[in-house]
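Since the structure comes first, as structure tokens, the remarks are kept for the end.
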Amino acid sequence: MSMRIGVVLMNLGGPTHEDNVRIFLKNLFRDEDIIKLGGGVTQKAFSNVISKFRAPSVAEDYKEINGCPNGCTGNKHCFNRKNKVVSDCCSPINGLTEAQRRGLEKYFKKIMPGHEVKVYTCMRYWLPFADQVMDDMVEDGITHTVLMPLYPQFSWTTTGSSFRDWENVVKEKFPDGNKPWKEFHVKNYYHNESYLGAINARIDEALAEMDEETRKKTHFIFSAHGTPLLEVRSGDPYTVEIKETMEAVMARREEKNSYWLSFQSRVGPQKWTQPNTEDLVERHLEYGIKNFLMIPIAFVTDHIETLYELGVELVEDMEEEGFEFENYKVMNGLNDHPGYIRALAEETVNVLKHEISEGAVQWDQQSDAVPENGSARREKSAVKT
């Protein structure tokens, strides 16, 4: 049988209609990798209560950044697409992840014309779920599967949770253990040069919209999703990898703006990684610094954390406190930036290097050779940074 490769892009997902905001939140808070309540009745009760309480306000936030104002741009499994519904409460992550999927599949047709490569989207907390994706893969006759998280830095709460959910569904679908494909995992890729280059390209795009004087006095605030300190102390590598990503990005920049790292989106009474993004911006404003470029370093797809929390909520909160900005800008997410699409392709090829024939990949002019494997790239990047 000829090789048929399936690349599964794993992402968070987001509600597609006001009616499923509560269900999305319930799925999120039921995840034991995020909220550690031991599962069972306690976890279920907690997720039911908190999702009911938070759904109305969260729905209003999604309405403000509605991702599909002119019709569904999401996956083929989206209810809005199937029912031809125009939603006013759809997370942008859905359509943007679909754009990443299409972009990567198109790129593989260009660089691997001798192989059939299908790209799928698998969301953790909303459609399409793992079981739907597996049904599609069986129908397409996939023989080799690459699980590709849209989280460049590894955390048990993101990549780990997605891998665990996938494995649980595999056990349910194929109880005899004979799944119809070989499976490969990409754990992280935060030192991938194409990925780092894409971030710097987005930074340059944002700076290009400023005059020279504003650019010089703009402070970079790298903002990542926060993590409970309990996770950090238990050995979760995410926070360290975020810091290394930031330093690698800045090491590749000729002009050095002042830069800082902060963490956003904390939930609940636990102690989280510090400093909090809003607190850090406020501290800068108190010192008279009024020019900011917000760089969502851990988010490769724009969604509520970038477009609303950074783009809307933070500014409104600061203005309510009486602060004023001279210039405040949020960097566009990587989304389907060509450099990021290339990074995903490079990491896919790397884990399949023992399965595909030498010379099977025809890389474009950005590189005159097949990319080095992950460990080699990490060693080289470590020297640079």
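The values are calculated or read from the model by the stated rules, or taken from the named source; none is laboratory data. Fair warning: this is a prediction, and the values are worked out from it, not measured in the lab. FYI the Cβ positions are ideal-geometry reconstructions off the backbone, even for glycines, and counts take in every protein chain you see.
Here are the numbers for the structure shown:
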quantity: Search result, residues across segment 110-128 that are touching a helix residue (DSSP H, G or I) at 6+ places or on another chain (Cβ under 7 Å), part of a strand (DSSP E or B) and not charged (D, E, K, R); calculated: 117, 119, 120, 121, 122
quantity: Count - residues of segment 66-87 that are surrounded by fewer than 18 Cβ atoms within 10 Å (Cβ to Cβ) and either in contact with an Asp or Glu (Cβ under 8 Å, 6 or more places away or on another chain) or of a type in the set (A, V, I, L, M) (or both); calculated: 4
quantity: Boolean, residue 188 is at pLDDT 95 or above, at negative phi, surrounded by 19 or more Cβ atoms within 10 Å (Cβ to Cβ) and of a type outside the set (Val, Ile, Thr); calculated: yes
quantity: Residue in segment 198-206 that is outside the structural domain of residue 93 (by TED's automatic domain parsing), surrounded by fewer than 13 Cβ atoms within 10 Å (Cβ to Cβ) and in a loop (DSSP other than H, G, I, E, B) present; calculated: no
quantity: Breaking point among (1) touching a residue at least 24 places away in the same chain (Cβ under 8 Å); (2) under 17 Å from residue 335 (Cα atoms); (3) not aliphatic (A, V, I, L, M), for residue 110; calculated: (2)
quantity: Test: residue in segment 226-233 that is in contact with a Leu (Cβ under 9 Å, 6 or more places away or on another chain) and either among the polar types (S, T, N, Q) or in contact (Cβ under 8 Å) with a residue 24 or more places away in the chain (or both); calculated: no
quantity: Residue 245 being among the β-branched types (Val, Ile, Thr) and either at pLDDT below 95 or surrounded by fewer than 15 Cβ atoms within 10 Å (Cβ to Cβ) (or both); calculated: no
quantity: Odd one out for residue 115, checked against (1) closer than 30 Å to residue 362 by Cα; (2) surrounded by fewer than 18 Cβ atoms within 10 Å (Cβ to Cβ); calculated: (2)
quantity: Residue count for segment 208-259, restricted to those that are more than 30 Å from residue 156 (Cα to Cα), touching a strand residue (DSSP E or B) at 6+ places or on another chain (Cβ under 7 Å) and assigned to a helix (DSSP H, G or I); calculated: 1
quantity: Test: residue in segment 276-296 that is more than 19 Å from residue 217 (Cβ to Cβ) and touching a residue at least 60 places away in the same chain (Cβ under 8 Å); calculated: yes
quantity: Test set (1) touching an Asp or Glu at 6+ places or on another chain (Cβ under 7 Å); (2) modelled with pLDDT of 95 or more - residue 227 fails condition number; calculated: (2)
quantity: Positions within segment 256-294 being closer than 26 Å to residue 46 by Cβ and at pLDDT below 95, in sequence order; calculated: 265, 266, 267, 268, 269, 270, 271, 272
quantity: Helices (runs of 4 or more DSSP H) (entirely within segment 295-385) containing at least 3 residues that are under 30 Å from residue 3 (Cα atoms) and modelled with pLDDT under 95; calculated: 374-384
quantity: Condition broken by residue 185, with the remaining ones in (1) free of Cβ contacts under 8 Å to residues at least 12 places away in the same chain; (2) in the same structural domain as residue 161 (by TED's automatic domain parsing) satisfied; calculated: (1)
quantity: Residue that is surrounded by the fewest Cβ atoms within 10 Å (Cβ to Cβ) [pool: residues in segment 129-174 that are in a loop (DSSP other than H, G, I, E, B) and touching a strand residue (DSSP E or B) at 6+ places or on another chain (Cβ under 6 Å)]; calculated: 141
quantity: Members of segment 296-330 that are surrounded by fewer than 24 Cβ atoms within 10 Å (Cβ to Cβ) and more than 25 Å from residue 60 (Cβ to Cβ); calculated: 324, 326, 327
quantity: Long-range neighbours under 7 Å by Cβ, at least six apart or interchain, first residue touching a residue at least 24 places away in the same chain (Cβ under 8 Å) within segment 345-356, second in a helix (DSSP H, G or I); calculated: 345/104; 345/107; 345/108; 345/111; 346/194; 350/374
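Conditions tested, residue by residue: (1) aromatic (Phe, Trp, Tyr); (2) more than 12 Å from residue 295 (Cβ to Cβ); (3) crowded, with 19+ Cβ neighbours inside 10 Å.
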residue: 214; (1), (2), (3): no, yes, no
residue: 240; (1), (2), (3): no, yes, no
residue: 249; (1), (2), (3): no, no, yes
residue: 257; (1), (2), (3): no, no, no
residue: 281; (1), (2), (3): no, yes, yes
